[in-house]
Each structure stands twice: as structure tokens, then as C-alpha cells.
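One structure below.
The values are calculated or read from the model by the stated rules, or taken from the named source; none is laboratory data. Quick caveat, the model's predicted, so the values are computed rather than measured. Here Cβ is always computed from backbone atoms with ideal geometry, including for glycine, and neighbour counts include all displayed protein chains. Remember, those area values only see protein heavy atoms, side chains included, never the ligands or the DNA or RNA. Shrake-Rupley method; radii C 1.70, N 1.55, O 1.52, S 1.80 Å.
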Amino acid sequence: MKIIGERIFAKDSNGALCSRIGTIFLKGNTLITEKGVHAMQRLLWIKHLNDERKAAGKPELTLEEEEAEIAESVDLIFTEEFVLIRPDPDRMDLALRADEELQKIVSKRLIRFLNTNALKVRRALMERGENWRMARQPISQEDMAQQIRSSITAIDELPIYYYNRSCGTRYITASGYSYVEQLDNVAFRRQIKEVVQGLNKRNRLGQNEIDLFPLTTPPEIKKALKTLNADDYDDESLRALCMKIDLDWRMSMPVDLRDETIDNFEWRNAMCHAITRRPNETAAEEQELISGISPEFYRQIEWLPGLRILNGRVVFDSIYDEAVHSPSPEVKAICDLRVKSFLFNTTRLFGSLDFINIGRISRSLARKPIEGNRRGNVYIMQYREHGAAEIKVMMIRLQKWGVSERLDEGKDLLRAIVESDEYSDYVLDRRLMCRQLGMNLPKRLGFGHFTEQYHGDNKYNSMSLRTAYFVRGYVHGLASDKVPVAKLHNPLWATKFAALMGGAAATDMIVGRRNSLTKEVVFDTDYEIVQIGEDSLPYEIRITDHAGSFVDYEGAFEDVIGSYARFALSRRDVVSDYPSFVKAYVDAFKAKLVETKAAYQNRRAAFDELFADRPYDTNGSGAYRWKCALKRLELCDPEMLAAKLKAASQC
């Protein structure tokens, strides 16, 4: 590529970029980086072409020829970190051609796209297996909360703003605004004047000094504040007017944002987005990349290079080739070989696909992760089958105890392989056990292997071994422990939710689901997803994973009733009718126990013989645990257990 001007990322004697903008002309395969604006660079290109033609004895370009040259040009913006392509959403073909040319002189890792708010831009990149080029970087839930807390700031008056360090904008919330109403008349008037002044000012970056949160606040509410002249009103009239604006502001807010606390996932995510967005935004949000994804996934997915299918042929993201030849650790870090194995396996098994994107989830999404839980082995996959309109989403989880983990225990290779295979069978058998006892799991579960090098202290270090993994469909809905408080304020919503969770609690207790290390009950901490119907009310609880089932297969149900009462007790202060909430929970719990016990007694052989051909070992084989769980179910007293749950829930 020919370059007119300084090379990309070139710096002057003061360490500043020589140029902040560029224009790539595709017909002439030329990049212009001369200082100025994009319009000036276009004029410079036309002059350059005419000078060349004149030197060759040719006439100048016609108006139509000039327009053709400019029509195939793409604007670029340079930052200290990236080359930003500013695409026309209706001409993504030009932006993608520019991208390919730029990759010849700049690492693909350093090229990003602006206008990712446009569906056409996102879709074009998604269909190339390139979610990783527009997704926000992951951040832990703890760091997210800390960022919000540390962003609280003041100007001259009270610290009622949340500060975005990149844009310089300070956001005021409805709750912060209403706090001002508690001030005395003099301080109240000063604070209101400060807010109004900030709403009408721009900082050196051209951004608002103060803005209203959430970002979706209707413009008429902002206008009402911006045009408010406090000096035109006496104290009483000023307060009345400000209170009306406050009421309108609150009424305009989405229901899920009205609980303005960090514990509200919806509010926390929206605020984190507001205080971390940048002037030249290149990042798409999770809900823009996956329609309807749960808010708990916000900033938790690290998207990695995928692939696309062209004319039936697999085309891996070109960054994989770059990783082979590049010594850059940053490039190698995003080319996860496990992801490439998932991509291989998926394309081998599926007959016809358009594209695949895969992301890594390195942290627990539980609100309060239990110490000792193994994480970092979970991935999310997005793909579309050829000819289909629907984009599908799957979850991938590596097997907890594989060959590598057995080798880490000091076992020989043969024993490690045998025990890994036995554990795979045990996982799948437990899934069938859970379904037989009424647990509402995803309908399908896939199972696969890939080969990777073992790195450990065992003598088999560096040997290539098989790693097992499981694949299931993504379950849309709300995680039970992250249901917004606003929904629980609705008595009908809360009662339906409690009834569904009561049934799920009974099944959870029957299958003895526990954390394998701590033996704690894990109900309502990670796996229960609330499915919402067209009437906006809960209609089903889907359990995403049967992990931890049959860890407890001999303990008395009475010993864990208190753990299941935590579901109700933790919501005691937010539901409007707690007695009805508890009644719905306990009644459904009892009904599910009665139903499951009757199903076993009425079809005893179907249960007793289900694992008759499996190894039976009193040290804890799957078949033995199954027998113990059935015996415990038959001997249980649903009436007594329900009474104990009710009593524990009223403590």
C-alpha cells in the first residue's frame, strides 16, 4: 500500500502522534495521513492523481471519475492504541476491504471499527466470526462495583455525580437529584444552579459536563432542567418545579433501573457502561451481540477469534495465521487453541454453517461464588446454520475431572484415562437421574473431545492428551439470585416466582445437589433460570446445569431444610406480602415432593432398574448413589418437611 504522509502510529519529537486521521483510497490502494480533516485528504488525493496524469500527458479526471475515486474511500481515526475504521453501515463492503488492506501493514489486533451501534456494522463483523473485534473487555463484578463507587464525585457542591474519566462527563441519577431536595433553601438553590449550568456546558472533548442517568432519559426531561432559571422562582416554587421534574424523571425510567443500587444488576451494568464509554466508542454491548442475553453476562465474556464459511469452505479468522508468525504475546493470548478445537469439532459435526463466534467466561457469574468452585473452563458459542434466520447460542463446559486432573493426582496414564472416561459416564448418568426425578434441565446435552498438551508435574508433561467437554443450549431468562428488586415488589410476580422456586427446591433437595468441596447447598446461587412469559410473569424454572447433584445421597432431608429457607428469608425485606410469598414457596415444595414420591412408588421398576447394568460400589458409584437417593425419597414425610420449611422461613 502506498502511503502519503507519515506511517500509522508515527510520533513527533514530543511523543505525540504525527497524525490523528487518515483516509484509505481503495481504487488506488493508497493511504493518506497528512494532517487536516478527511475532506482535505480527499482533495489532496484528487490533486495527487491529477498531478500524476499531467506528468503522463493525460487530461485531468472528470467530475464522474473524481466522484468514483471518493466513493471508494474510507475514513480512519488513529489513537495511541488502535486504528479505527469509520464505516458507512450501508457500504460495509468498503470498510471490510479497507480492513484487509490495513492488515498488511498493521496487526489485525490493533484495528477496530466505529459505529458498532449500527446493526449492519455488528452483523457484518459477527458473520465473519469477529465479535472479538468489537466486544468490550471483561471486568470482574467486584471491579465493576468498585469502579462505580470510586467514580462518585462533586464539582463545587455535593458529591452526587458519577464521573466518566474518558469523556469527562458527570452523571447525576434520580436518587442523587432527590437527595438534593433535603438541603436547606440556600444549599438547594446552589446545587440546582450547578446542575443546570453543567447540563448546558461542554468540556474540551466536546462532551457534556453533566448529563442525566440513565442515558435513555427522555430529552424533554433534560430540557426541563437545562432551561430552568432558579433566579426566576422563590424557594417554594423552585422546589415544586424541581420535584415535578424528579417525578417525571423517575416515571420515565425503566422498571429494572428504579432500584438504584449496585446490587441491582441492571442498574450496575447501565452505570458501568455510562462511566466507561469513550468518545470514539468501538465496543458493542453483550445484549447487542446476543439478543436477550441475561444481564449477568455484562462485561463477563472475552470474545475470541472465530470462523466463517465461504462457499462451503471453512475460513478461520486470519489472526490465527498471524499468531503462528508473530512473536507478539498479545496476539498469541487471544488465539486460544481450545477455541480452535471447538471450532474444528463444530464444523466437522454440523453439515452447513455460516459463522461461529466463541467467547471465554473466566469468572463465576454467581452473586456470591463459593470458595473452591472450579471456574475458567466455560465458553459461550454463537453460530448460525446456513439458510436459517435464527442465530443460536450454546454453552461449553470442560469436564471437571479429566485425564490432566487425574495425572495431577500422580496416577499413571492408563488409570487417568480410565477414570476420566468413567467420570464422563458418571456425569451423563447423573443427568439422566436428575431428569428421572423431575429436574427441568436443558433438553439436549452434547459431548465431545479435543487434543491438547498436558502441562504438569507428572512424567507425562508435554504429552498430547484428550480433553472432554459438554455442550448445551443457552437458557434465556433471569438467574434466580439476580431478579431485580422491582419485580419482587409486584405481589403477583413474586408469588408465581416463589411457587416455581418451591418446586425446584424440592427437586434440588431430592437429588442432593451440593458444592463438592464445601458440601454447602447451592440452590438459588447459580443455576436456576426464571423463564418469563408473554405476560411478563414467570412461567418456568430451568436448571442450566446438574453440577453437584448426588454429592449428598445419604443425609437426612431435615438437616438441610434451613438452607432451603434462605430463598424466602433473603427476600423478606423486598416482597410486599411475605406470608403469601412463603405460603406459595412451601406449598409448591410440598406438592413437588408428593408428586415425585408418588411417581417413584407408581413406577418403581422404572426407577429401580434404570442403572441396573452400571457398576455398583458402596464406596459411592453412581448406581449406589441412585439407590440411596430413592430409598431416602420413599421414606421422606412431605407434610413434616413442609412444616419445617415454613417454620424456618418465618425465623
Query raised in the report: Looking at the stretch 50-82, which of its residues are of a type in the set (Phe, Trp, Tyr) and in contact with a helix residue (DSSP H, G or I) (Cβ under 8 Å, 6 or more places away or on another chain)?
Result: PHE82
**Report entry** Condition broken by THR451, with the remaining ones in (1) surrounded by fewer than 15 Cβ atoms within 10 Å (Cβ to Cβ); (2) outside any strand (DSSP E or B) satisfied
**Finding:** (2)
Query raised in the report: How about the stretch 119-149: which of its residues are closer than 17 Å to ILE290 by Cβ and among the hydrophobic types (A, V, I, L, M, F, W, C)?
Result: LEU119, VAL121, ALA124, LEU125, MET126, TRP132, MET134, ALA135
Query raised in the report: If you take the residues of the stretch 229-248 that are among the aliphatic types (A, V, I, L, M) and either touching a strand residue (DSSP E or B) at 6+ places or on another chain (Cβ under 8 Å) or over 12 Å from TYR177 (Cβ atoms) (or both), which of them is surrounded by the most Cβ atoms within 10 Å (Cβ to Cβ)?
Result: LEU238
Report summary line: Out of (1) under 32 Å from the mean Cα position of the chain (by Cα); (2) more than 21 Å from SER516 (Cβ to Cβ); (3) among the polar types (S, T, N, Q), the one SER549 does not meet is (2)
**Report entry** Condition check for GLN197: open to solvent by 30 Å² or more (accessible area, probe 1.4 Å) and in contact with a Cys (Cβ under 7 Å, 6 or more places away or on another chain)
**Finding:** no
Report task. Might you let me know whether the stretch 221-242 holds any residue that is at pLDDT below 95 and within 32 Å of the chain's Cα centre (by Cα)? Result -> yes
Requested in this report: Out of ARG112, ARG86, report the one residue that is crowded, with 16+ Cβ neighbours inside 10 Å and touching a Ser or Thr at 6+ places or on another chain (Cβ under 9 Å).
Outcome: ARG112
Report summary line: Going through the stretch 152-193 in order, the residues found to be among the acidic types (Asp, Glu) and either crowded, with 20+ Cβ neighbours inside 10 Å or more than 15 Å from ILE245 (Cβ to Cβ) (or both) are ASP156, GLU157, ASP184
Query raised in the report: What do you reckon, is LEU569 closer than 21 Å to THR525 by Cα and either touching a His at 6+ places or on another chain (Cβ under 8 Å) or open to solvent by less than 70 Å² (accessible area, probe 1.4 Å) (or both)?
Result: yes
Query - Given (1) touching a Ser or Thr at 6+ places or on another chain (Cβ under 9 Å); (2) among the small types (Gly, Ala, Ser); (3) open to solvent by 30 Å² or more (accessible area, probe 1.4 Å); (4) free of Cβ contacts under 8 Å to residues at least 24 places away in the same chain, index of the condition ALA10 fails - result: (3)
Query raised in the report: So which pairs qualify, if the first residue must be in the stretch 259-287 and assigned to a helix (DSSP H, G or I), the second must be among the β-branched types (Val, Ile, Thr) and surrounded by fewer than 17 Cβ atoms within 10 Å (Cβ to Cβ), the Cβ gap must be under 6 Å, and the two must be at least 6 apart or on different chains?
Result: ARG268/ILE262
Requested in this report: Please indicate, with yes or no, whether at least one residue in the stretch 494-508 is within 28 Å of the chain's Cα centre (by Cα), open to solvent by 10 Å² or more (accessible area, probe 1.4 Å) and at pLDDT below 95.
Outcome: no
